[in-house]
Amino acid sequence: MSVPRKKLSGGQRAVLAAPYLWIVVFFLAPMALIAKISLSHPAETRPPYEPTFSIDDGLAGVLAKARTLGFDAYRALADDRLYLDSYLTSLLIAGVSTAIMLMIAYPFALTMARAPRRLRSLLIGLAVAPFWTSFLIRVYAWIALLKDEGLINHALMALHIIDAPLSIYATNGAVVIGIVYSYLPFMLLPLYSALERQDPALREAAADLGASPLQVFWRVTLPLSRPGVIAGCLLVFIPAVGEFVIPDLLGGSETLMIGRTLWNDFFANRDWPAASAAAIILLALLIGPLLVAERARLRAEEEPS
Amino acid sequence: MPLLSVEHASKRFGAVVALDDVSLTVDSGEFFALLGPSGCGKTTLMRLVAGFETPDSGRVTLAGQDLAGAPPHRRPVNMMFQSYALFPHLNVFDNIAFGLRRQGASRVAIQSRVAELLDIVQMQNLGARRIEQLSGGQRQRVALARALAPGPSLLLLDEPLAALDRKLREETQFQLKDIQRRLKTSFVIVTHDQDEALALADRIAVMRAGKIEQIGSPPEIYERPASRFVAGFVGATNMIEGFVARDDGGWFVAPFGRLKRADCALRDGARAALSLRPEQIVVARDGEGVPGVVEDIAFRGETTQLRIGVAARQALRVSCTNGNRFSLGEPVRLMIAPDAGVLFAEAE
């Protein structure tokens, strides 16, 4: 049976076109620009890379300049320990933060999803309440909490739990704390919506068939919440890898996250091609696994009987 | 000793009394139906047996063992859910094997048991299907197979046929009864559909507002309903309001005439209601009966339903096998035997 192809009305096209246009103008076009810069060569000019194309050159001139594009910046990156370390540290910090968030948010979301219906919206409201304050202010507040002479160390020492202040501030640990704190709602909400949708009869059916409460969780609740777990993890992991503000404010001088390294190359070293190449690699690093996961999901869904 | 015994069970949800001092027993190998309108407590009673609710008072025993405090996963009772509650992340095979795996059955034992159940519900070769690929009827059968797989001594079925269309429902009724008879497992079915209860069950408990109105075999329930509610809920009936006259034997005085009653224990002048099944009234062109006029004829295949006007704004439903002989507006006579129907005192 063939379904006649549905024609979109003018209004529908406009509604669809607006966000796509937005993405083309403010994401794809800058991205293409960065890709181009990553193939250029650093220079003591303004802007600090060569070649730069100009309409005055004419087509032949542009083509001649394009021939000087090259992968030097990428080759330099591969040799640079600083970049490798930055990538690894970023992935590690984002990975650890994501795992901690999952462990905190899952029981939280489960409790919310099983709370009495009239309580749920209140609980969601409380979970996103921090968003009412500026992100920057909240991260700054953590400095006051984590410093050697900060609130946490004062309290622990006053209670005689520790003798000397814990040095948390300006470490990778502080960055993890900051990321977990800032991104937790983005993990919580997809988990909540996946868990809230689950039919309670499925859990009853599992219990009825002899599954203990723990088995009900492992065999039914957890596998059924997988889409929520994946969505939540991607939603926090991807921005956490490229995070700049939190490592800049809470991290120490040895905290080499890729966002900071990029910033340094762009603004301190003025090596735009190297920084652009690093940004492109970061994008590839993040999108690659995403595409693989998506393909695997689609294949699992199409699996013939 | 009965297999299942519920003794004086009561359950309230806030201000709502779901069960009010309910007692019943189900024998081994019996097909038992809990019948009643929605909100009568039948589902609560079933969930009490499965362990999803605890009674406020009273007790539930299975094969002589008190089930108090036993959580659902430790009860040798399985349930087929109204929504089927099939696990969407597992295929047909793994759904059916779920209970067997929890029992710690071996791989080989699971393979053969699942194959056996797929055979019973006529779903051979469909073990690898995903749940979303199944039709409603197939899902229903997987749900049944899954609940039967662990070999429960008692199977609870919550409105098992409600989601099927009518033709499939009738077909499935016979299959369900056949499977029950073959496996000799006790089935307790919850239904609001009186036809289903009458067709399937060995015994029926008719429930209303948290209480059991009557327990009996389908013919008992149909022919000797214990209350006006049961008479009206199970099968079609003509409920005729009137009073009793005790001169010269017993009479029921209806708005359209006096009907002789064979057994009438009520006192003279007592208000009463007579429940007459449509097929207990005999229509004839002439004779001694109550005069009436054919107001409507509905052909139903093997029977014909007639509406006979007998008094101002009162009509009786009559079912007969030869109704085609009559035509609209025709004057007829209704013969009502002295032992037909059931007389209820106006206490309700």
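Laboratory data are not the source of any read-out in this text; all were calculated from the coordinates shown. All values derive from a computational prediction rather than experimental measurement. Quick reminder, even Gly has a Cβ in these numbers, built from the backbone with ideal geometry, and neighbours come from all protein chains shown.
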Report summary line: Partner shielding of A:211-220, taken as the mean number of other chain Cβ atoms within 10 Å, equals 3
Report task. Return the average number of partner chain Cβ atoms within 10 angstrom of each residue Cβ along peptide B:95-101. Result -> 4
Report task. Would you look at the GNM of chain A, springs on alpha carbons closer than 10 Å, and say which of A:Tyr74, A:Tyr192, A:Tyr140 moves the most? Result -> A:Tyr140
Query raised in the report: Long-range amide H contacts for B:Ala315: which residues qualify at under 5 Å (H placed 1.01 Å from N, peptide plane, sequence gap of 5 or more or a different chain)?
Result: B:Val310
Query raised in the report: Each residue of region B:4-10 in turn: what ³J(HN,Hα) in whole Hz from Karplus with 6.51, -1.76, 1.60 and θ = phi - 60°, glycine and Pro shown as x?
Result: 10, 9, 10, 10, 6, 7, 10
Query raised in the report: Along its principal axes, what span do the Cα atoms of region A:195-264 show, with the longest given first and each in whole Å?
Result: 60, 20, 14
Query raised in the report: Highest GNM mean-square fluctuation, chain A, Cα pairs closer than 10 Å: which of A:Gly288, A:Gly58, A:Gly252?
Result: A:Gly58
Query - Separation between Cα centres of region A:238-305 and region A:1-65, rounded to whole Å - result: 21 Å
Query raised in the report: Over the Cα atoms of region A:21-70, what Rg and Dmax result, in angstrom?
Result: 12.3, 35
Query raised in the report: For region A:125-159 and region B:89-110, what is the separation of their C-alpha centers, rounded to whole Å?
Result: 50 Å
Query raised in the report: Given chain B, what count of lysine pairs have C-alpha atoms under 27 Å apart, with each pair 8 or more places apart or on different chains?
Result: 9
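In the protein assembly as shown, what percentage of the DSSP-assigned beta bridges are antiparallel, given to the nearest 5?
Values: 61 of 79 bridges.
Close to 75 percent.
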Report task. Return the single residue from B:Ala63, B:Ala231, B:Ala273 with maximal mean-square fluctuation; model: Gaussian network over chain B, springs between Cα atoms under 10 Å. Result -> B:Ala63
Report task. Quick one: which residues, 5+ away or cross-chain, put their amide H under 5 Å from the amide H of B:Met207? H built at 1.01 Å from N. Result -> B:Leu35, B:Gly36, B:Glu213
Query raised in the report: So what's the angle, to the nearest 10 degrees on a 0 to 90 scale, between helix B:136-148 and the longest Cα principal axis of chain B?
Result: 70 degrees
Report summary line: If amide H atoms are modeled at 1.01 Å from N in the peptide plane, then the residues at a separation of 5 or more from B:Gly29, or on another chain, having amide H under 5 Å from its own are B:Ser186
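With N residues in chain A, what two-decimal value do you get for its Cα radius of gyration over 2.2 N^0.38 Å?
Working: Rg = 24.8 Å, N = 305, 2.2 N^0.38 = 19.3 Å.
Cα Rg divided by the expected 2.2 N^0.38 Å: 1.28.
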Query raised in the report: Using Cα-only point scatterers and the Debye equation, what is log10 of I(q)/I(0) for region B:69-183 at each q in 0.12, 0.13, 0.20, 0.21 Å⁻¹, rounded to two decimals?
Result: -0.39, -0.46, -1.14, -1.26
Query - Euclidean distance between Cα centres, region B:33-77 to region B:289-314, Å - result: 45 Å
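How crowded by other chains is B:83-89, given as the mean number of beta carbons from other chains within 10 Å of each beta carbon? Please list the in-between numbers first.
On the way: counts 4, 2, 10, 4, 8, 6, 7.
Taking the mean over all residues of the peptide, I get 6.
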Query raised in the report: With axes computed from alpha carbons, what is the tilt in degrees of helix B:107-120 against the longest principal axis of chain B, rounded to the nearest 10 within 0 to 90?
Result: 20 degrees
